[in-house]
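**Student:** The structure is given below, and queries will be raised subsequently.
Read-outs: derived from the displayed coordinates by stated rules, not from any lab. This is a predicted model, so every value here is computed, not measured. Cβ placement follows ideal geometry from the backbone for every residue including glycine, while neighbour counts extend to all protein chains displayed.
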Amino acid sequence: MLTFEQALSIVKEKLGEAKRNPATEVLPLEQVRGRVLAEDICADRDYPPFHRATRDGYALRASDLGSLPAILERVGEVRAGEYFVGKLVPGQCLEIMTGAPLPEGADAVVMIEHVRVRGQEVEVPRAVSPFENIVRRGSEAASGSRVLARGRRLNPAEIGLLASVGQARVKVFVEPRVAILPTGDEIVPVDRQPEWFQIRNSNAVALSAQVAAAGGVPRIAGIAPDLTEQLKRLIEKGLEADLLLMSGGVSMGKFDLVAQVLNDLGAEIYFQGVAIRPGKPLVFGSVRGKYFFGLPGNPVSTFVTFELFVRPAIALLGGADFECASFLRARLGKPFKQKNGLTAFMPARVQRESAEPVVNLVGWQGSGDLVGAAAANCFLVVHPEQTEIAAGEWVDVMPRGWN
Ligand code: AMP
Ligand code: MG
């Protein structure tokens, strides 16, 4: 069976290959959060556009502070939004506010807290080095240099940068359409009262939210019963989207029909089964030119396999760079044992205790337990070789909703 890393690299390879050029659209900045940039963005001028003071104080020549204390002549002041007309000559200084341009002739700023002012005389008791308390013109970005590359996902920091370089509208990729097809005779719509032996369709709802958060446009394609013909028809309908996600029906049970129906449709299966827990029966393949995932039906398995494999797939389909879960580190609270040689993703809570992050499993009843999973804020990641972990050891954690 494939390891977690092997399976992920297959998804990366297949969808990277498939990387068509998704269609693009031009949108105002207010509408691009979470979208993927479809053009390179360059600085329209130097950033900062002038040598900018980073402190309130006095602009001066560092070389004037050779013998201390130095007495300088105050020749005026400059605030942010203004500039000083003229040039400082040796022995002069100019009161300057944070954000104002350094006057010609000056090369440093001494903080207001460090000087004594008597009328037009400023006494400086300490030296400053050239360009102290200054951000030099062009040091963040030179005019014409690339500040954001095509394929970057636009979060608030990127949007702020776009605004600062004057891009009120930008070209982004159109989001991929993702069909969601839950399967199972026991599954009923959320707004219907289930019989005692039935289960509400929570997976399709959670998957919709995950798809939207991952930058896709979700569409729930109904609920497929465990009947070959109907399942086949709904799968064909789902293949109208850019990506098809099925939940349930991929295990080894008598009525787990998904793999069989896909096979009948001529699907190519890239993998069936990954050495992870939960989520072992995961299926990934393509049929009729479209990619699909068969996600295990247990709600926590569905959730985890989406985060691990489907989210990076949606990113690639949407023109984004490869984005996958990154693991952070925390100390394990209570000791942990496992014997199965899988990569485990266990619902857990990480909390700061004294100076360090400490992670503990939440009580849960296995991969069907959404109550337990909802109490978690991360997953404890246990690698196959980690059969026994002592309390206090550093372990990997995957934040929930890692993007
Ligand atoms: P399956 O993968 O079809 O064997 O289903 C595994 C478990 O997940 C069963 O207990 C199902 O009832 C449950 N399950 C399957 N699909 C869904 C769904 N759409 N919403 C909630 N639970 C589901
Ligand atoms: Mg089922």
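**Student:** Rounded, prolate or oblate: pick one for the stretch 340-386, where a ≥ b ≥ c are the square roots of the eigenvalues of its C-alpha gyration tensor, a/c under 1.5 means rounded, and failing that, prolate if a/b is larger than b/c, else oblate.
**Tutor:** Taking the square roots of the gyration eigenvalues as a ≥ b ≥ c, the stretch 340-386 is oblate.
**Student:** So, counting K/R as plus one and D/E as minus one, what does the shell of residues with Cβ under 15 Å around Gly86 add up to?
**Tutor:** -2
**Student:** Just to be sure I understand: with springs between alpha-carbon atoms less than 10 Å apart, which residue in Gly273, Gly57, Gly222 has the highest mean-square fluctuation in the Gaussian network model of the chain?
**Tutor:** Greatest mean-square fluctuation among the candidates belongs to Gly57.
**Student:** Given Cα pairs under 8 Å that are at least 6 residues apart, what percent is the relative contact order of the chain?
**Tutor:** RCO, the chain: 16 percent.
**Student:** Tell me which DSSP H helices of the chain clear both cut-offs, 18 Å or more of axial length from alpha-carbon atoms and a mean Kyte-Doolittle hydropathy of at least -0.5.
**Tutor:** 4-18
**Student:** Could you sort the peptides 190-200, 290-300, 144-154, 32-42 by per-residue average Cβ neighbour count (10 Å cutoff), highest mean leading?
**Tutor:** 290-300, 32-42, 144-154, 190-200
**Student:** Pop a pseudo-label 7 angstrom from the Cα along the beta-carbon direction at both Arg192 and Ala375 and give the gap in nm to one decimal.
**Tutor:** The answer from the label model is 3.2 nm.
**Student:** Moving on. Taking the simple approach of a point 7 Å from Cα along Cα-to-Cβ for both Leu328 and Ala163, what is their distance in nm?
**Tutor:** Between Leu328 and Ala163, the label points sit 2.5 nm apart.
**Student:** So, by mean Cβ neighbours within 10 angstrom, what's the order for 78-91, 330-343 with the highest one leading?
**Tutor:** 330-343, 78-91
**Student:** On to the next question. Want the number for Ala23 to Gln365: 0.36 nm per residue separation, take away the alpha-carbon distance, what's left?
**Tutor:** Net length gain for the segment: 118.7 nm.
**Student:** Which three lengths, in whole Å and largest first, does the stretch 210-308 cover when its Cα atoms are put on their principal axes?
**Tutor:** Rounded to whole Å, the extents work out to 31, 30, 24 Å.
**Student:** Please give, to one decimal in nm, the separation of the simple spin-label points placed at His114 and Ala391, each 7 Å out from Cα toward the Cβ.
**Tutor:** 5.0 nm
**Student:** Taking 0.36 nm per residue of sequence separation and subtracting the Cα-Cα distance, how much length would be gained by fully extending the chain between Met252 and Arg219, in nm to one decimal? Don't jump to the answer; show the numbers that get you there.
**Tutor:** Values: separation 33, 0.36 × 33 = 11.88 nm, distance 2.73 nm.
Here the segment from Met252 to Arg219 would lengthen by 9.1 nm.
**Student:** Beyond 14 Å, how much of the Cα-Cα pair distribution for the stretch 79-131 remains, as a whole percent?
**Tutor:** Values: 775 of 1378 pairs.
Roughly 56 percent, once rounded to a whole number.
**Student:** Right, here's the next one. Given a Förster distance of 25 angstrom, what is the FRET efficiency for Ile269 paired with Asp185, based on the Cβ-Cβ distance and rounded to 0.05?
**Tutor:** 0.55
**Student:** Arrange the peptides 306-314, 127-135 so that the one whose residues have, on average, the most other Cβ atoms within 10 Å appears first.
**Tutor:** Going from most to least packed, we get 306-314, 127-135.
**Student:** Of the listed pairs Lys254/Lys280; Lys232/Lys254; Lys254/Lys339; Lys171/Lys290; Lys280/Lys339; Lys280/Lys337, which have alpha-carbon separations greater than 23 Å here?
**Tutor:** Cα-Cα > 23 Å for Lys254/Lys339; Lys171/Lys290; rest within.
**Student:** Within a 10 angstrom radius of the beta carbon, how do Cys324, Cys378 rank from fewest other beta carbons to most?
**Tutor:** The order, fewest Cβ neighbours first, is Cys324, Cys378.
**Student:** Would you please classify the overall shape of the stretch 264-325 from the alpha carbon gyration tensor, given that a ≥ b ≥ c denote the square roots of the eigenvalues, rounded means a/c under 1.5, and beyond that prolate means a/b larger than b/c while oblate covers the rest?
**Tutor:** Taking the square roots of the gyration eigenvalues as a ≥ b ≥ c, the stretch 264-325 is oblate.
**Student:** Sequence gap at least 6, Cα distance under 8 Å: using those rules, report the relative contact order of the stretch 172-272 to the nearest whole percent. Write out the running numbers ahead of the final one.
**Tutor:** Details: 150 pairs, mean separation 35.5, N = 101.
With pairs under 8 Å counted, the relative contact order is 35 percent.
**Student:** Sticking with this one: Taking K and R as +1 and D and E as -1, what net charge do the other residues with C-beta under 11 Å from the C-beta of Leu361 add up to? List each step's numbers first, then the result.
**Tutor:** On the way: positive: Lys334, Arg349; negative: none.
In short, +2.
**Student:** With equal scatterers on the alpha carbons only and no solvent term, can you work out the Debye log10 of I(q)/I(0) for the stretch 51-195 at 0.08 1/Å?
**Tutor:** These q points yield log10 I(q)/I(0) values of -0.42.
**Student:** Is the shape of the chain rounded, prolate or oblate, going by the alpha carbon gyration tensor and its root eigenvalues a ≥ b ≥ c, with a/c under 1.5 for rounded and a/b larger than b/c for prolate?
**Tutor:** Values: a/c = 3.44, a/b = 2.18, b/c = 1.58.
It comes out prolate by the Cα gyration axes.
**Student:** Report the calculated FRET efficiency for Glu132 and Glu82 (r = Cβ-Cβ distance, R0 = 22 Å), to the nearest 0.05.
**Tutor:** Computed FRET efficiency for Glu132 and Glu82: 0.50.
**Student:** List Met97, Met252 from most exposed to least, where exposure is judged by having the fewest other Cβ atoms within 10 Å.
**Tutor:** By the 10 Å Cβ count, ascending, the order reads Met252, Met97.
**Student:** Tell me, what is the percent relative contact order of the stretch 235-388, built from C-alpha pairs under 8 Å that lie six or more residues apart?
**Tutor:** Numbers: 266 pairs, mean separation 29.8, N = 154.
Worked out over the stretch 235-388, it gives 19 percent.
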